[in-house]
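Undergrad: Sharing a structure with you now.
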Amino acid sequence: MSDALREQLLKAGLADEKKAREAQKALKQKQREQRKGGKKAKAAAQPSPEHQRLAEERRLKAERDRALNQQKEAQKKQKSAKAQIEDLLKRHGQSTRDGEIPFHFTEDNKVRKLEVTPAQQQALSAGRLAIVRHAGRYHVVPADVLPKLLERDGGMFSYRAEPAAGAGDEDDPYKDFPIPDDLHW
């Protein structure tokens with residue numbers, strides 16, 4: 001409010017001295033805040049090199065923390081999968097301690113031998129049982145457990161005989177000639 005206008009209002013009795021001083025004080029306060037706000041806006045528009053450095057450090061730390069958390073999660077999943085595999089093998093694995101018949105299979109183009117029982121040999125040949133290698137040992141498991149194991153560790157060695165396609169075929173010329181029980185090869 002200009003001084004001349006203030007004086008005229010005071011003389012006319014429309015305003016008193018106290019209200020005029022409060023209005024003047026409020027006006028100066030508003031102008032001060034606008035000036036300070038302008039400086040802050042300029043400072044925010046152009047951050048100092050120190051603020052830029054601190055912001056970059058925070059960003060890098062956040063990236064490192066994120067990578068570390070992902071690594072820990074992957075380790076947890078791997079440990080959990082290993083425990084699940086061991087549990088499945090413990091529950092469904094069949095003992096080969098009493099095995100007396102060698103069962104031959106290939107792993108990495110090498111012929112391997114596992115001593116099994118006669119019932120296990122027939123089931124392995126028919127594809128009802130499978131062989132898996134875990135922790136340096138071979139385990140005999142039912143064929144329906146094999147997908148569960150491979151789901152948890154896709155790189156695990158597994159062997160399962162494919163059932164012969166022509167086993168029940170009517171065009172088989174040797175269907176009338178059964179294989180003797182005492183023939184082992």
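Values quoted throughout were computed directly from the atomic coordinates according to the rules given, and no laboratory measurement underlies them. Because the structure is predicted, anything quoted here is derived from the model rather than measured. We place every Cβ from the backbone using ideal geometry, glycine too, and count neighbours over all the protein chains shown.
Undergrad: Mind checking which lysines have their C-alpha under 16 Å from K90, skipping anything on the same chain fewer than 8 residues away?
TA: Partners found: K82, K148.
Undergrad: Applying 1/(1 + (r/R0)^6) with R0 = 30 Å to the Cβ-Cβ distance of E151 and R66, what FRET efficiency is obtained, to the nearest 0.05?
TA: 0.60
Undergrad: Please check: in the Gaussian network model of the chain (C-alpha springs, under 10 Å), which one of K72, K30, K110 has the largest mean-square fluctuation.
TA: The residue with the greatest mean-square fluctuation here is K30.
Undergrad: Now for a separate question. Tell me, what is the FRET efficiency for A74 and A135 to the nearest 0.05, using R0 = 35 angstrom and their Cβ-Cβ distance as r?
TA: 0.95
Undergrad: Also, I was wondering about something else. Taking the Cβ of each residue in F157, F177, F103 as the centre, tally the other Cβ atoms inside 10 Å and list the residues starting with the fewest.
TA: F177, F157, F103
Undergrad: Could I have the simple spin-label model distance between F105 and Q122, label points 7 Å from Cα toward Cβ, reported in nm to one decimal?
TA: Here the modelled spin labels are 1.9 nm apart.
Undergrad: Taking the beta-carbon count within 10 Å as an exposure proxy, list L129, L60, L9 from fewest neighbours to most.
TA: Lowest count first: L60, L9, L129.
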